[in-house]
1. Output the direction-averaged projected area (hull surface divided by four) of the convex hull of the alpha-carbon atoms of region 465-574, in nm².
2. Hey, what's the Kirkwood Rh for region 366-478 if you take every pair of different alpha carbons, in angstrom?
3. Expressed as a whole percentage, what fraction of the accessible surface of the chain belongs to carbon and sulfur atoms when a 1.4 Å probe is rolled over the protein heavy atoms?
4. First select every other residue whose beta carbon is under 14 angstrom from the beta carbon of Ala107; then total the charges, Lys and Arg +1, Asp and Glu -1.
5. At 1.4 Å probe radius, can you tell me the per residue accessible area of the chain in Å²?
6. What lysines does Lys521 reach when the alpha-carbon gap must be under 17 Å and sequence neighbours fewer than 8 apart in one chain are set aside?
7. What is the calculated FRET efficiency for Glu112 to Glu135, with r their C-beta to C-beta distance and R₀ = 30 Å, to the nearest 0.05?
8. For region 84-165, what number results from the quotient of the Cα radius of gyration and 2.2 N^0.38 Å?
Amino acid sequence: MPRMTAADAAVAILRREGVTNIFGLPGAAINPFYAAMRRDGGITHTLARHVEGASHMAEGYTRARSGNIGVCVGTSGPAGTDMLTGLYSASADSIPILCITGQAPVARLHKEDFQAVDISAIAGPLTKMAMTVLEPAQVPGAFGQAFHLMRSGRPGPVLIDLPFDVQMAEIDFDIDTYEPLPVYKPSATRAQIQKALDMLVGAERPLIVAGGGIINADAADLLIEFAELVDTPVVPTLMGWGALPDDHRLMAGMAGLQTSHRYGNATLLASDFVLGVGNRWANRHTGGLATYTAGRTFVHVDIEPTQIGRVFAPDYGIVSDAGAALRLFVDVARERKAAGRIPERTAWVTECRQRRATMLRRTHFDNVPIKPQRVYEEMNRAFGPETRFVTTIGLSQIAAAQFLHVYRPRHWINAGQAGPLGWTAPAALGVCVADPDSPVVALSGDYDFQFMIEELAVGAQFNLPYIHVLVNNAYLGLIRQSQRGFDMDYCVQLSFDNVNAPEVGGYGVDHVKVAEGLGCKALRVTVPDEIGPALETAKKLMAEHRVPVVVEIILERVTNVSMGTELDNVVEFEELAARHEDAPTAVVAMLD
Ligand SMILES: Cc1ncc(C[n+]2csc(CCOP(=O)(O)OP(=O)(O)O)c2C)c(N)n1
Ligand SMILES: [Mg+2]
């Protein structure tokens, strides 16, 4: 039997499970693993500048491509605790990442050794498995189980913690006969699908709410086919956005309190039946449940049995992988259609489309300082359907979801539930590694940008080019807006007079200089008509220099973005679009 260190076995298994890229940052306690990686020679390593950055790179890498599993590696102690935010964000959005940490030797775990922290206990609630491997011979089993768990059922992250001596110990292991463990994915039965379809067909104004589970299952094509067969409009969730192209006839808009459309909410409230697939009735999608559910019947399809009924009791629940369920939905709907048993929905579909063409928010403002809405209008002109957008949280993310267009699955890459500030830059770098051929456009508010700004150097060092649109209002904008309810503007200002950069006019940080200092290219825009040309210049700079290019757009400091507490009570702060010219890049042209 071949003998090798447990670390060598771990690396061999990673390779056999399809890992080609690792994001990490070495330290003494993980050096044996790095030595094994070096001996193997088949893994590309991207050196993060902050370990949290490595965890979000791994998330971006997973989210960009079906089948990918991002791997982040760090040493013992603070490296593991730094990666917790990535584990949280990944578990919250059902994203598999594997986090590997070094650890103090087994015999010293209870001696308060240098950088020995019980990371598996800390990471427990954030992972599907968090294990400090105490026996070297368990290493192959731990890694095999990790991949089995990450891919099975509701996907999610795993942490494997490797004490130094466990990594170094020699074990008998034969990679040639290693076999990945079978993946478990529950599947709906035909009887269940028949029943759900009876309910949909019997409704007058049905909708499909399409969640991120459809994207995880790589089932966007099946969703479209099914929606077309039953002629039923689709409301994607924030995590499901892109499953149906924004210009599809049945795209009804997003519903929710923030990242939503006026027409999406109106259509949801006008519906009498909702089939949720691979979604979790997130509170920022539903708002108050009384409003969300009143007068409506619900079917919920989810891969995780305990998700059914978690937020509210659906009228009918099905435990299934979204892809397996949609495949059966398509089969059964096709048979019924051939038998003339699918009702015609033209009036309802037209009504939803009419709302899409009229209930628009205004984007065309010429104001200086620039209003945020105009930024997204210009981004719609500059970036085509092949663009992958990456963002996390803030007024920037909310307005982007209201105004941008997404046409393909995995082209809206967003930390939906956790929304950790600082996520955007490292996640975008992970996306660039996963897909070097598509244009990647990240979007940050100034605070999100400042959180993990050092990761820009990773993009410069490893030639990971993308465009980073930075909308700068010198504010913790979303929190400033939410403080209106407290009648305060307290501890949310990022503005100051920068003694080195009077030209930033009191907006504080000179992001252009910082980005340049980190090896990137950067531009600053202060008037609306310069946004489009700046984005074109950024594309050229990116192609020429193969580094991240930051386009900083100086915004009006205070612009409130549409949001509310109930689907029927979203507050509009700006005048609405009245003519086509007010929202010139809306997908469905304004009806005059
Ligand atoms: C780690 C972390 N701390 C705090 C928050 C709460 N939070 C959400 S948005 C936000 C302000 C974001 O400011 P900025 O990135 O400039 O975006 P803006 O809202 O101004 O567009 C804060 C503090 C968070 N999401 N993550
Ligand atoms: Mg801001």
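1. So the Cα hull casts an average projection of 8.9 nm².
2. 14.1 Å
3. Values: 11430 of 21860 Å².
Summing carbon and sulfur atoms, their accessible area is 52 percent of the total for the chain.
4. Working: positive: Arg108, Lys111; negative: Glu112, Asp113, Glu135, Asp165.
For residues surrounding Ala107, the net value is -2.
5. Using a 1.4 Å probe on heavy atoms only, each residue of the chain averages 37 Å².
6. Within the straight-line limit of under 17 Å, Lys521 reaches these lysines: Lys513, Lys539, Lys540.
7. E between Glu112 and Glu135, to the nearest 0.05, is 0.85.
8. For region 84-165, the normalised Cα radius of gyration is 1.09.
The values are calculated or read from the model by the stated rules, or taken from the named source; none is laboratory data. Bear in mind the structure is a predicted one, so any value in this text is a computation, not a measurement. Every residue, glycine as well, gets a Cβ built from its backbone with ideal geometry; the counts of neighbours run over all protein chains shown. Please note that ligands, DNA and RNA were not included when accessible areas were found on the heavy atoms of the full protein model with its side chains. Shrake-Rupley method; radii C 1.70, N 1.55, O 1.52, S 1.80 Å.
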